[in-house]
Amino acid sequence: MSLLSVQHLTASYGAIQALFDVSLSVNEGEVVALMGRNGMGKSTTVRCISRMMKSQGEVVFAGADLTKVPSHKAALLGIGLVPEGRRCFKDLTVSENLLSAARAGVWNMRSVVELFPRLGERVNQVASSLSGGEQQMLAIGRALMTNPRLLILDEATEGLAPLVRQEIWSVIAKLKQETGLSILVIDKSVKELKSVCDSAVILERGITVWQGTMSELSADVTEQFIGV
Ligand code: ATP
């Protein structure tokens, strides 16, 4: 059953239309890649799903019509967003960042620190003193602390060193295998997306041009729409 169903989404920045016809779905326990070249509308789609931006079309999450729900309520319904640019509260410590997002559930300080031991070693450090990779771990940790039903990762490995990127991919694989969390992932690394995701959606100029399982995603399609 679909946890998230997006149908015929359109959205604009003022007079500039960014999304023309985006459809995608994420089933319970599924990990879906949202792919496409730069500027094709991936982040805009995520902003619309998390209600940071107004849109037209259908966005149904866990049976609720999200287009009728303000953004703070969307988070309460169970969407955990790790936005592009790994936003955390820079002046707060690691533990303050995590605790300020906390909602009841399996994810708490202990389980997040178990997933990211490096955060455990830095609980009293302010976020601004962390490395880029550690800040990304904190951003993911914060989203998990809300105990989401759907985790959305927008360019979570962007700009990170290869080893740290690998760590983040391992965590995504672990979340999939061990917790069955539903995840929507945006990333530029086709190879990693193919190894972790069950299915993919490709956007081209604000339109869904391809949807299918990862095993159906051929080299031709990848080359046509992603340019790899
Ligand atoms: P990237 O991989 O580069 O982040 P993307 O696929 O996430 O790209 P979006 O950021 O959603 O693409 O951008 C889709 C379109 O909307 C682009 O044409 C972009 O220039 C435009 N756009 C994005 N953000 C804004 C904004 N704040 N104001 C105006 N136009 C925007």
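The values are calculated or read from the model by the stated rules, or taken from the named source; none is laboratory data. Predicted, not measured: the structure shown is a model, and the values here were computed from it. For neighbour counting, all protein chains shown are included, and Cβ atoms are generated from backbone atoms with ideal geometry for every residue, glycine included. Protein only, heavy atoms only, side chains kept; ligands, DNA and RNA dropped before computing areas. Shrake-Rupley method; radii C 1.70, N 1.55, O 1.52, S 1.80 Å.
Annotation: average projected area of the chain is 11.9 square nanometres, based on the convex hull of Cα atoms across all directions.
Return one whole number: the accessible area per residue of the chain in Å², for a 1.4 Å probe.
With all protein chains present, the chain gives 46 Å² per residue.
Loop-located trypsin sites (Lys or Arg not before Pro) in segment 51-156 (DSSP state other than H, G, I, E, B) with a sparse environment of at most 11 neighbouring Cβ atoms within 10 Å: Lys54. Using a 7 Å offset from Cα along Cα-Cβ at Ala62, what residues in segment 88-115 end up with backbone N under 18 Å from the label point? Label zone hits: 101-108. Here the accessible area of segment 133-217 is 50 percent carbon and sulfur, with a 1.4 angstrom probe and all protein chains present. Here the sum of -39500 (n - 2.57) over DSSP H runs of 4 or more residues, divided by the residues of the chain, equals -9000 deg cm²/dmol at 222 nm, to the nearest 500. Estimated at 0.36 nm per residue, the fully extended path between Arg103 and Val123 surpasses their Cα-Cα distance by 5.3 nm.
Simple point charges give the picture: +1 on the Cβ of Lys and Arg, -1 on the Cβ of Asp and Glu, and for segment 24-83 a dipole about the Cα centre of about 340 debye. Along the charge dipole of the chain, Cβ charges K/R +1 and D/E -1, which of Thr45, Ser129, Leu203 sits furthest on the positive end? Of the options given, the answer is Ser129.
Ratio of segment 98-164's C-alpha Rg to 2.2 N^0.38 Å, to two decimals? Spell out each step's value before the answer.
Values: Rg = 11.7 Å, N = 67, 2.2 N^0.38 = 10.9 Å.
Cα-based Rg divided by the globular estimate yields 1.08.
Got a sec? Charge dipole of segment 15-128, +1 on Cβ for Lys and Arg, -1 for Asp and Glu; which of Gln56, Gly85, Leu34 is way out at the positive end? Farthest towards the positive end: Gly85. About its Cα centre, the dipole of the chain is roughly 600 debye, where the only charges are +1 on Lys and Arg Cβ and -1 on Asp and Glu Cβ. Toward the positive end of the charge dipole of segment 91-228, with +1 on the Cβ of Lys and Arg and -1 on the Cβ of Asp and Glu, the farthest Cα among Leu153, Gly180, Gln224 is that of Gly180.
Solvent-accessible area assigned to carbon and sulfur over segment 27-105 amounts to 53 percent, based on a 1.4 Å probe. For the chain, the longest principal axis of the alpha carbon atoms and the long axis of helix 132-145 meet at an angle near 80°.
Spin-label model, Ser12/Ser71: points 7 Å from Cα along the beta carbon direction are separated by 2.0 nm.
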